[in-house]
Amino acid sequence: MTSRFLRTVSIVAALALLPIMPGVASARDKHPQVGVAPQYDTSHVYVDPAAVDDFAKSFLATFGGTSTKQVVVTVTPTPSSTSSQLLQTPAGTVSLFGFKTPVPYPFGLERTGYLVTDMDAAVKAARAAGAIVLVETFPDPIGRDVVIQWPGDVNMQLYWHTKTPNYPALSTVPENRIYLSPDAASSFVTAFTRFSKGKVVSDDSKAPGIEIGRPDDTYRRIRITSVYGEMTVLVTDGHLPYPYGHDTTGYAVSDLQATLAKAKENGAQILIEPYEAGGRQATMVEFPGGYVAELHTSLPN
């Protein structure tokens, strides 16, 4: 009896290790790919209603592109009213909201909206990967939405459209910029890559601190790629000078100086002068309405 019990315990212990053993897939990793492509992933931008038109004009003049017709709708599961429009540019897409009523919690705290092919499968996969659901699935005027949270309190919205959208591919793919503490970074990366079926393309424990406004220091920078696009995880002690941490999206451009000239001509303010580090020339700008964005271009090898 004792021998059989010990063998059973050994088998159970071995099975428990399977999800973390190299080359062994966990059952929770076998969900279908529910992502679509980066042009369907939007940065969520909330500005005062009085600044909506100025922001849209400045952003489109900087990056090019077009806006959908502005409509006033309810995009939350509880009563609210907001102007809503999609700014589609070659460098990335923005979902622009100008709430005319107080914003119901936790809306406004989500950084992105990711299109998925199957909402129920996406929620199941996110939960299995380690996310929690903050706002259960709810209908919107053109589909369904859910708000989820990853380790480190990283909020994202997943959305599904009743009529499948068809957007042109981007010229350059923006990056989701996520600032995390060392306590949460590994858990977040594990969970998100499991859900997205993405991969870590670099993990630099001594990235140049100028990238977070601290030129005399280093920090950990993790870069991830997936069907949802690019992502940079900035792992810091939280000692961040302004405006670092306020940026949620980094926009890749082919000519940084020309893009900055357009931004300044159209009401944007340069917060951080261009610098070179990590194979990039980068800067920070603030658009009308207070939206802070990182802009960068790759340097020649």
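The values are calculated or read from the model by the stated rules, or taken from the named source; none is laboratory data. The structure displayed is predicted, hence computed values, not measured ones. Here Cβ is always computed from backbone atoms with ideal geometry, including for glycine, and neighbour counts include all displayed protein chains.
Take the residues of segment 218-239 that are surrounded by 15 or more Cβ atoms within 10 Å (Cβ to Cβ) and over 15 Å from the mean Cα position of the chain (by Cα): which is farthest from Val34 (Cα to Cα)?
The selected residue is Thr218.
May I ask you to say which residue of Val34, Val45 is closer than 16 Å to Ala268 by Cβ and either modelled with pLDDT of 95 or more or over 21 Å from the mean Cα position of the chain (by Cα) (or both)?
None of the others qualify; the one that does is Val45.
How many residues does segment 77-94 hold that are surrounded by fewer than 21 Cβ atoms within 10 Å (Cβ to Cβ) and either out of contact with any Phe, Trp or Tyr (no Cβ under 8 Å at 6 or more places or on another chain) or assigned to a loop (DSSP other than H, G, I, E, B) (or both)?
Qualifying residue count for the region: 8.
For Ala258, state whether it is within 15 Å of Leu60 (Cα to Cα), in a helix (DSSP H, G or I) and among the hydrophobic types (A, V, I, L, M, F, W, C). Talk me through it step by step, then tell me what you get.
Working: within 15 Å of Leu60 (Cα to Cα): yes; in a helix (DSSP H, G or I): yes; among the hydrophobic types (A, V, I, L, M, F, W, C): yes.
Yes; evaluated as a whole, the condition is true for this residue.
Can you tell me how many residues within segment 145-168 are β-branched (Val, Ile, Thr) and in a loop (DSSP other than H, G, I, E, B)?
Taking segment 145-168 as the starting set, the residues that turn out to be β-branched (Val, Ile, Thr) are 146-148, 154, 162, 164.
Then keep just the ones that are in a loop (DSSP other than H, G, I, E, B); that gives 162, 164.
So the answer is 2.
Within segment 103-140, can you find the residues that are within 30 Å of Thr62 (Cβ to Cβ) and either in the same structural domain as Asp247 (by TED's automatic domain parsing) or of a type outside the set (Asp, Glu) (or both)?
Result: Val103, Pro106, Phe107, Gly108, Leu109, Arg111, Thr112, Gly113, Tyr114, Leu115, Val116.
Please go through segment 284-301 and give me each residue that is surrounded by 21 or more Cβ atoms within 10 Å (Cβ to Cβ) and of a type in the set (Ser, Thr, Tyr), ordered by number.
Correct list: Tyr291 only.
If you go through segment 114-128 one residue at a time, how many are surrounded by fewer than 21 Cβ atoms within 10 Å (Cβ to Cβ) and of a type outside the set (Ser, Thr, Tyr)?
Qualifying residue count for the region: 8.
Checking Ala207 against (1) out of contact with any helix residue (DSSP H, G or I) (no Cβ under 9 Å at 6 or more places or on another chain); (2) in contact (Cβ under 8 Å) with a residue 60 or more places away in the chain; (3) under 27 Å from Gln39 (Cβ atoms), only one condition comes out false. Which one?
All conditions pass for Ala207, except number (3).
Here are the criteria: (1) under 19 Å from Ala91 (Cα atoms); (2) modelled with pLDDT of 95 or more. Tell me which single one Leu299 does not satisfy.
Evaluating Leu299 over (1) under 19 Å from Ala91 (Cα atoms); (2) modelled with pLDDT of 95 or more leaves (2) as the failure.
Do we find a residue being closer than 28 Å to Ser83 by Cβ and either of a type outside the set (D, E, K, R) or in a strand (DSSP E or B) (or both) anywhere in segment 187-210?
No - not one qualifying residue is present in segment 187-210.
Is one or more of the residues making up segment 123-144 among the β-branched types (Val, Ile, Thr) and part of a loop (DSSP other than H, G, I, E, B)?
For segment 123-144, residues among the β-branched types (Val, Ile, Thr) and part of a loop (DSSP other than H, G, I, E, B): present.
Check segment 280-294 and report whether any residue there is of a type in the set (Lys, Arg) and more than 19 Å from Phe59 (Cβ to Cβ).
The answer is yes; a qualifying residue exists.
When you check Thr249 against the structure, is it touching a residue at least 40 places away in the same chain (Cβ under 8 Å), among the β-branched types (Val, Ile, Thr), under 22 Å from Val154 (Cβ atoms) and surrounded by 15 or more Cβ atoms within 10 Å (Cβ to Cβ), yes or no?
Here the answer is yes, as Thr249 does meet what is asked.
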